[in-house]
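First comes the structure, then the notes that go with it.
The values are calculated or read from the model by the stated rules, or taken from the named source; none is laboratory data. All figures in this text were calculated on a predicted structure; none of them were measured in a lab. Every residue, glycine among them, receives a Cβ derived from its backbone with ideal geometry; neighbour counts consider all protein chains shown. Quick note on the areas: whole protein, heavy atoms, side chains included, nothing else; ligands and nucleic acids left out. Shrake-Rupley method; radii C 1.70, N 1.55, O 1.52, S 1.80 Å.
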Amino acid sequence: MRVLVITGAGVSAESGIPTFRGKDGYWRNLDPAKLATPEAFAKDPGLVWQWYRERRQRIRNAQPNPAHKAIAKLAQHAHEFMLVTQNVDDLHARAGLPKETMVQIHGDIFVTRCSDCDFQFRDTGRGGSPEPPAPRTIYPNSGRLGSIAPTSAQPDQEQEDLPRCPRCGALMRPGVVWFGEQLDSRKIYIVEDYLARGDVDLTFVVGTTALFGYIVDWATRARGRNGELVEVNPDETPLSQFATKLYREPATKVLPRLVNEMLAG
Ligand code: NAD
Ligand code: ZN
């Protein structure tokens, strides 16, 4: 059996990681849909970094839940398996899902990358250091804060601590895809290749609002004419109309049960 699983923030909600659209998604009264943008970073990189630092910490402290574990178990038993997750957390991997069967289409929150060149590194902060070591702050224009000094009247301590690229001096940023940014074409290729290599018998879509066209497109193409498309989400989404089965329940209620039934039968 060929299986495709697509997940969104809802699968990690029960691990205590807020979704963007839920009421817990707001941070300091700010809307995540506005913070997770290139515009927000250009305007106030310190604020955006602070939000990501807190989210990284929350993810480090969280544990995979029974839904992540059920997906990892399904992967072990399926003939062919792929997970496409919009989540930037590492809970699927920590639930035991092999890295090579998964595509983090919106990136990885533990990656820090240069906003200008190719330099990047990944650090989950588990190896002793509490937060990825900020590369030594380099101010290319010699004068201590040079031309990149924040324009606010009271320079913020945070701004001075922002990580800069050790190669080119540009600001480092989280290795995630922000609203309005392009997906990584190599990742698109991996998903397209999986779809092109044969029919998908079973597609699960779990905990995503499915507001991105490519998610709807991949899910409906995977279903094709004869496949099953199972949606697990307490709320209706644009994909619901294409589903062959709907479960309007939290992921941890549905997935362990479904996977156990499938493996037993
Ligand atoms: P979203 O926040 O827009 O929507 C979450 C969806 O999950 C909703 O449809 C909601 O009804 C559903 N949901 C809530 N609780 C659930 C549960 N217990 N079981 C099943 N479903 C549940 O999330 P999204 O569609 O993934 O997209 C928003 C963007 O935000 C993505 O790009 C993603 O990268 C990012 N994001 C990631 C994380 C994470 O990595 N954990 C968290 C928040 C946002
Ligand atoms: Zn650089």
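List of remarks:
- Helical mean residue ellipticity (222 nm; -39500 (n - 2.57) per DSSP H run of 4+; nearest 500) of the chain: -9500 deg cm²/dmol
- Placing a label point 7 Å from the Cα of N61 along the Cα-to-Cβ direction, the residues of segment 1-22 whose backbone N falls under 18 Å of that point are 12-19.
- Gain in span if fully extended, R126 to E249, counting 0.36 nm per residue against the direct Cα distance: 41.0 nm
- Segment 21-105, accessible area per residue, ligands and nucleic acids excluded (1.4 Å, Å²): 48 Å²
- Normalised contact order of the chain, rounded percent, pairs of Cα under 8 Å and 6 or more residues apart: 24 percent
- At R0 = 25 Å, FRET efficiency that the Cβ-Cβ distance of R53 and R197 yields, to 0.05: 0.05
- When the chain is treated as a Gaussian network with alpha carbon springs shorter than 10 Å, the biggest mean-square fluctuation among D201, D193, D89 belongs to D193.
- Rounded, prolate or oblate (a/c below 1.5 giving rounded, otherwise prolate when a/b exceeds b/c) for the chain by Cα gyration tensor: prolate
- Overall shape: oblate for segment 170-252, with the ratio a/c of the largest to smallest alpha carbon gyration tensor axis at 1.5 or above and b/c at least equal to a/b.
- The chain, accessible surface, carbon-and-sulfur percent (1.4 angstrom probe): 50 percent
- Within straight-line cross-link reach of K34, lysines at Cα separation under 19 Å, skipping those fewer than 8 residues along the same chain: K23, K43
- Take every Cα pair under 8 Å whose residues are at least 6 apart in sequence, average their separation, divide by the length of segment 43-135, and the relative contact order is 23 percent.
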